[in-house]
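Trainee: If you scroll down you'll find the structure; I have some questions about it.
Computed from the coordinates by the stated procedures, all read-outs in this text should not be read as laboratory data. Model, not experiment: these values are computed from the prediction. Here Cβ is always computed from backbone atoms with ideal geometry, including for glycine, and neighbour counts include all displayed protein chains.
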Amino acid sequence: MEQDQQFIEFVIKAIVNNPDSVKVTRTVDERGVLMTLDVDPGDIGYVIGRQGNTVRAIRTLLKVVGAKNNALVNLKINEPEGSEHRRPRQEAPSEPTPSLEDVDTSAIDNLDI
């Protein structure tokens, strides 16, 4: 097993609840090294993190490991069957914006500027 593959497995297994279901596949082509990650459906949120911050940090570290070995390394996460892909929260509808006719301007009607 290559150093970059060992690294990614170590990091991912440390942050998920089901480390036995972590699988990393390494493929090399003319564009560089592609690491494909498979995790348990319940662990995908831990890997991605809030607003993608965790996976962004992992990708940055993986690029550093790749640069040390003169290789371009990328990470692809396979979305597992049955994972809870949550959409960003929608804000609750607010009060409608008042039209100009509804705004009380009596306090500044006779203001000289």
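Trainee: How much length is gained on full extension from ARG31 to ASN17, taking 0.36 nm per residue of separation minus their Cα-Cα distance?
Mentor: Contour length minus Cα-Cα distance gives 1.8 nm.
Trainee: Just grab the label-to-label distance for ARG56 and ASN78, each label 7 Å out from Cα along the Cβ direction, in nm (one decimal).
Mentor: Between ARG56 and ASN78, the label points sit 2.7 nm apart.
Trainee: Quick one: Cα convex hull volume of the range 3-77, Å³ per residue?
Mentor: So the per-residue hull volume is 77 Å³.
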